[in-house]
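**Q** Encoded as structure tokens, here's the structure I'll be asking about.
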Amino acid sequence: MTLPAQTFDARAAAAALAALRASAPLVHCLTNQVVSNFTANVLLAAGAAPAMVVAEEEAGEFAALASALLINVGTLERPQAAAMRAAIGAANLTGTPWVLDPVAVGALGWRTAFCRELLAFSPAVIRGNASEIIALAGGTGAGRGVDSTAQSDAALEAARALAREHGSLVLVTGATDYLVDAHAVRAIAGGTPRLQQVTGTGCALSALVAAACGCGAPRMDAVAAVSALMKLAGERAAPESRGSGSFAVALLDELGTLGGEDLAARWFA
Amino acid sequence: MTLPAQTFDARAAAAALAALRASAPLVHCLTNQVVSNFTANVLLAAGAAPAMVVAEEEAGEFAALASALLINVGTLERPQAAAMRAAIGAANLTGTPWVLDPVAVGALGWRTAFCRELLAFSPAVIRGNASEIIALAGGTGAGRGVDSTAQSDAALEAARALAREHGSLVLVTGATDYLVDAHAVRAIAGGTPRLQQVTGTGCALSALVAAACGCGAPRMDAVAAVSALMKLAGERAAPESRGSGSFAVALLDELGTLGGEDLAARWFA
Amino acid sequence: MTLPAQTFDARAAAAALAALRASAPLVHCLTNQVVSNFTANVLLAAGAAPAMVVAEEEAGEFAALASALLINVGTLERPQAAAMRAAIGAANLTGTPWVLDPVAVGALGWRTAFCRELLAFSPAVIRGNASEIIALAGGTGAGRGVDSTAQSDAALEAARALAREHGSLVLVTGATDYLVDAHAVRAIAGGTPRLQQVTGTGCALSALVAAACGCGAPRMDAVAAVSALMKLAGERAAPESRGSGSFAVALLDELGTLGGEDLAARWFA
């Protein structure tokens, strides 16, 4: 069974993107070492303020100050897991929303157990590809390394189960992104295959989702806005590009210039 | 009270930049994981040789071989702190100059205590934004994450106090950079707001400062030269850029092509 | 004495490159933190699938799933050394080929001992500059930081000794790359000095060598193919570039578009 999806509200997303750029949320990133530089530059382009404070000694202190917290397990190691626990604990005490990016969950036992442990601490949003969302919900995601082998709509049931059990929004990304809560599914269609040819575009989107959670706009609208922003930036960057190198450069340029009105013009029917 | 500043000596800086490019100093970087790639590429563009030797087992051995050492606490962790202590100890035994970049000091207790501990080991140069320099000197810097909330001239008294107590040069960066020792303040004005939109431009400047300390030219002139180099490269890159992605690319290109004569032409009155 | 070298077989390399792009090998990278992002993007551009699974808890599990494994000691730390031992052990049990990049071996005692320990575990390929290959074989490589001070042909005897003792292919890189086994030396000439001005091009080539080992084509041909691919991509990117920033972007673009026929046209006489 496929859950019925409706298109996201592009006008509300446009307003949320404006709110994000106006508020410049401070995003505490505990992310993987492959994408930390790109993630910081994506956040800056979108108008947020990135900060990677990684030690267990400081992670809780900083999460309490931040607008939002990102937890990405792509290159999880034991000291980072300890810092993540400290940061999430402090975030939940102070009401800082936090986002889980369960990279490659299901493919590897240790991180799978760790991500399931984290679910008990109520992430505001979970962002993953279909394989990851299915695996996180307890199914067999059958990913290959960090890539999904499933289409994003195959994960809608798993996403709704996670949303119901943990009170989280779930953003399943792919050719179409699906934003799922306990009651509804909203679809954001678009983008370009080029987004798969640059490492970390999904990880950076998760950081933007954290920024969305910290910007004060309604959460559903703000998360839809950053999903749409990444897709539209990719659509604009692709024809300007000769390959993955120039695409990554153009993507950052577009992320810095697109505004709410561009989202509305692209998706408002 | 604001300390009186005079413009830096652009002709002496031009000569120092030529010396830097001619000597290709080997810069041992113990820096944060977000900016390590960009820092290495900035050093290469400027004609220096970067090397990131990070383990406690090797950091002292390598610092003794290097032309200069960079200590940047942006993503400080306990093993890195141990490697930093080993590297600084070896650097001071062998006369290798070392540079302190106290990222986000004041905002977080652990790194603040660590940076103050390091001050006892006589950094050749301290490079930070106004909030960081004020906090390092014992004041309330009131930074927000890694960004300063103060103008660079607000930190001149703190910079001079650090310079007097520790025998260091202090480079306070902002819209105008101030290079402060116990006796004088020199101002390097210029640059572009684009430099704030790419992560790690300040961290990479600190690496260039280390290269400056290891190039054999008079220290004050060489540090002023790399401050001016980064500002002028930014000024040239900005009008060629559509956003932060293409700006970062153009910045590296400009850092690789600008010479001493360009600094002299830009600032010599 | 210089060993006689013959030119590599460009037609066989062309076929191997096509096989690599068709098979999309999953490359498990345990590499240094400076180059992890660039390495992942180079692998993606060449058609491979990168995955950096770094914890000791997961490295063996993932190496067993991967098409090939890369071990690069550029920023070796104790936990990474443990993960490397676990990954190599699992790779050898499951027949996953692994590649050793002995960054700066010879210059530093701890990594030198570690790399020599790893030689006992039969790397499929060893990729290094002349200083590193000489040092790994027990000679005095006299590198300076991460850069070689010797020409690549000075390391041919050392490369053959390593090949004979450990059953490995050895790729010595420089202005001419030499691919050495116990019986023959093949030369791949070309490239551009620009490749030295971007950090991590050698490290990323080692990752491509791992992809070559995991693509199913004859190993000698596939390794020659990725050496030639990097050189030709550099040759095409250099005239499009204004400096090291735009060169790195163009290099990724070229790596994504060059095919086997381009290698054949460039080197087939």
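**Q** Is the stretch C:56-71 home to any residue that is of a type in the set (S, T, N, Q), under 28 Å from C:GLU117 (Cβ atoms) and out of contact with any strand residue (DSSP E or B) (no Cβ under 9 Å at 6 or more places or on another chain)?
**A** no
**Q** Right, something else. One residue is enough: does the stretch B:6-14 have a residue meeting the conditions open to solvent by less than 20 Å² (accessible area, probe 1.4 Å) and within 10 Å of chain C (Cβ to nearest Cβ)?
**A** No, there is no match, as no residue in the stretch B:6-14 is open to solvent by less than 20 Å² (accessible area, probe 1.4 Å) and within 10 Å of chain C (Cβ to nearest Cβ).
**Q** On to the next question. Output the residues belonging to the stretch C:89-104 that are of a type in the set (Gly, Ala, Ser) and in a loop (DSSP other than H, G, I, E, B).
**A** Hits for the stretch C:89-104 are C:GLY95, C:ALA104.
The rows are residues; the columns are (1) within 14 Å of chain B (Cβ to nearest Cβ); (2) of a type in the set (D, E, K, R); (3) touching a residue at least 24 places away in the same chain (Cβ under 8 Å); (4) closer than 23 Å to B:GLU57 by Cβ.
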{"site": "C:GLY109", "(1), (2), (3), (4)": "yes, no, no, yes"}
{"site": "C:LEU119", "(1), (2), (3), (4)": "no, no, yes, yes"}
{"site": "C:ALA124", "(1), (2), (3), (4)": "no, no, yes, no"}
{"site": "C:ALA137", "(1), (2), (3), (4)": "no, no, yes, yes"}
{"site": "C:ALA150", "(1), (2), (3), (4)": "no, no, no, no"}
{"site": "C:GLU157", "(1), (2), (3), (4)": "no, yes, yes, no"}
{"site": "C:GLY190", "(1), (2), (3), (4)": "no, no, yes, no"}
{"site": "C:ARG194", "(1), (2), (3), (4)": "yes, yes, yes, no"}
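**Q** Taking only the stretch C:46-88 into account, find how many residues are part of a helix (DSSP H, G or I), open to solvent by less than 10 Å² (accessible area, probe 1.4 Å) and touching a residue at least 40 places away in the same chain (Cβ under 8 Å).
**A** 4
**Q** For the stretch A:155-259, list the strands (runs of 3 or more DSSP E) that sit wholly inside it and hold at least 1 residues that are surrounded by fewer than 24 Cβ atoms within 10 Å (Cβ to Cβ) and among the hydrophobic types (A, V, I, L, M, F, W, C); which are they?
**A** Result: A:185-189.
**Q** Moving on. Anything in the stretch A:248-269 that is among the hydrophobic types (A, V, I, L, M, F, W, C) and either within 13 Å of A:GLY191 (Cα to Cα) or away from chain C (no Cβ under 13 Å) (or both)? List them, or say none.
**A** Within the stretch A:248-269, A:LEU251, A:LEU255, A:LEU258, A:LEU263, A:ALA264, A:ALA265, A:TRP267, A:PHE268, A:ALA269 meet the criteria.
**Q** Right, here's the next one. Could you check the stretch B:226-262 and list, in sequence order, the residues that are closer than 17 Å to B:ASP9 by Cα and under 21 Å from the mean Cα position of the chain (by Cα)?
**A** Listed by number, the residues that qualify are B:VAL226, B:SER227, B:ALA228, B:LEU229, B:MET230, B:LYS231, B:LEU232, B:GLY259, B:GLY260, B:ASP262.
**Q** Same structure again: Let me confirm something: among B:GLY95, B:GLY145, which residue is out of contact with any His (no Cβ under 7 Å at 6 or more places or on another chain), modelled with pLDDT of 95 or more and small (Gly, Ala, Ser)?
**A** B:GLY95
**Q** Could you look through the stretch B:196-229, keep only residues that are touching a Ser or Thr at 6+ places or on another chain (Cβ under 7 Å) and under 16 Å from C:GLY245 (Cα atoms), and pick out the one that is farthest from the other protein chains (Cβ to nearest Cβ)?
**A** Per the stated criteria, the residue is B:ALA204.
**Q** Could you identify the single residue in B:ASN72, B:ASN92 that is among the polar types (S, T, N, Q) and more than 16 Å from the chain's Cα centre (by Cα)?
**A** B:ASN92
**Q** Given (1) aliphatic (A, V, I, L, M); (2) open to solvent by less than 20 Å² (accessible area, probe 1.4 Å); (3) more than 10 Å from chain C (Cβ to nearest Cβ), where does B:LEU43 come up short, assuming only one miss?
**A** Every condition holds for B:LEU43 apart from (3).
**Q** If we scan the stretch C:18-38, do we find a residue that is under 15 Å from C:SER227 (Cβ atoms), touching a helix residue (DSSP H, G or I) at 6+ places or on another chain (Cβ under 9 Å), surrounded by 22 or more Cβ atoms within 10 Å (Cβ to Cβ) and not hydroxyl-bearing (Ser, Thr, Tyr)?
**A** Yes, the stretch C:18-38 contains a residue that is under 15 Å from C:SER227 (Cβ atoms), touching a helix residue (DSSP H, G or I) at 6+ places or on another chain (Cβ under 9 Å), surrounded by 22 or more Cβ atoms within 10 Å (Cβ to Cβ) and not hydroxyl-bearing (Ser, Thr, Tyr).
**Q** Of all residues in the stretch C:228-251, which are within 27 Å of C:PRO123 (Cα to Cα) and in contact (Cβ under 8 Å) with a residue 60 or more places away in the chain?
**A** Across the stretch C:228-251, the qualifying residues are C:ALA228, C:LEU229.
The values are calculated or read from the model by the stated rules, or taken from the named source; none is laboratory data. Just so we're clear, the structure is a prediction, and the values are computed from it rather than from any experiment. Note that we place each Cβ from the backbone using ideal geometry, even for glycine, and neighbour counts take in every protein chain shown. Ligands, DNA and RNA are excluded from the accessible area calculation, which covers all protein heavy atoms including side chains. Shrake-Rupley method; radii C 1.70, N 1.55, O 1.52, S 1.80 Å.
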